[in-house]
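Notes follow the structure.
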């Protein structure tokens, strides 16, 4: 068996279990029993009635056999494909035989062959429709899962690239403070310890975090940067406590704050302030990072472009068009990054 056949067989086996075949959908079965049970009392003499009854019995038989096949403990791909074909043939043959047995006028050989093809086509159509729908759903779910797995891998790689670089620069600053006997050495060490305590406990939780947890990471990061930059950096985090439990994908806030410092505060001669705010707007979570450092001039610099492109790619994969990220100059002339995320 080829790989394509094996994959198709496995997908069909899963679709059989999820599409509730095998008379689990009681509506069509009960309706058929009621209609043909009542109509048979006075309509059995009509020419169309044997055909209609045969088609329905063939469909019901095929549906029931496919349901039995789907409820088996892990049928193999080849067994699934063969089982579907046999269920279709048995159902079509039964329907054809019932019709032939109820006919009041005999058919020619060509007419019997034509009716057999009709029963087979009818059963195949009613079998294929739910299976195709199930296959499309399974493949859509699989694509989403694969995309999320790819995002998790990219996020872990991004963390592996960012954290050592950031820690190296911070430890170099700490070493300089210690050599100088600076009073900022101990607060910087405490801030680094707090950051490590916050992040290392969740290092493998690449797809689970909350707004409160991400705010803790950002606060430790800002505290470290404030010690490194001195009076050139001040910051505020304005997030209500009742929002802390809201889910938030990891590393959504930190890149915005890092960009605000790298492209707003550090290039500015006088530095500035970074303000992080969060609020719930309808069914969305609005996150805003504002900095009063160097303003945007023309298009965003390359650092902004790379970081924002990465973030937008993650947003698209996680939330589609329900999420949005914008970078602009507000009415006060300050650079403002706004992130809108749907709430579950």
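The values are calculated or read from the model by the stated rules, or taken from the named source; none is laboratory data. The structure displayed is predicted, hence computed values, not measured ones. Note: ideal-geometry Cβ built from the backbone for every residue, glycine included; neighbour counts use all protein chains shown.
Annotations for the structure displayed:
- Qualifying residue in region 166-182 (condition: within 30 Å of residue 279 (Cβ to Cβ) and modelled with pLDDT under 85): yes
- Residue match in region 260-282 (condition: surrounded by fewer than 17 Cβ atoms within 10 Å (Cβ to Cβ), at pLDDT below 90 and over 27 Å from residue 226 (Cα atoms)): yes
- For residue 255: the one exception among (1) touching a helix residue (DSSP H, G or I) at 6+ places or on another chain (Cβ under 6 Å); (2) modelled with pLDDT of 85 or more; (3) buried (at least 18 other Cβ atoms within 10 Å of the Cβ): (2)
- Some residue of region 198-208 being modelled with pLDDT of 80 or more, part of a helix (DSSP H, G or I), in contact with a helix residue (DSSP H, G or I) (Cβ under 8 Å, 6 or more places away or on another chain) and surrounded by fewer than 20 Cβ atoms within 10 Å (Cβ to Cβ): no
- Residue satisfying all of: in region 323-344; farther than 15 Å from residue 291 by Cβ and touching a residue at least 24 places away in the same chain (Cβ under 8 Å); surrounded by the most Cβ atoms within 10 Å (Cβ to Cβ) among these: 341
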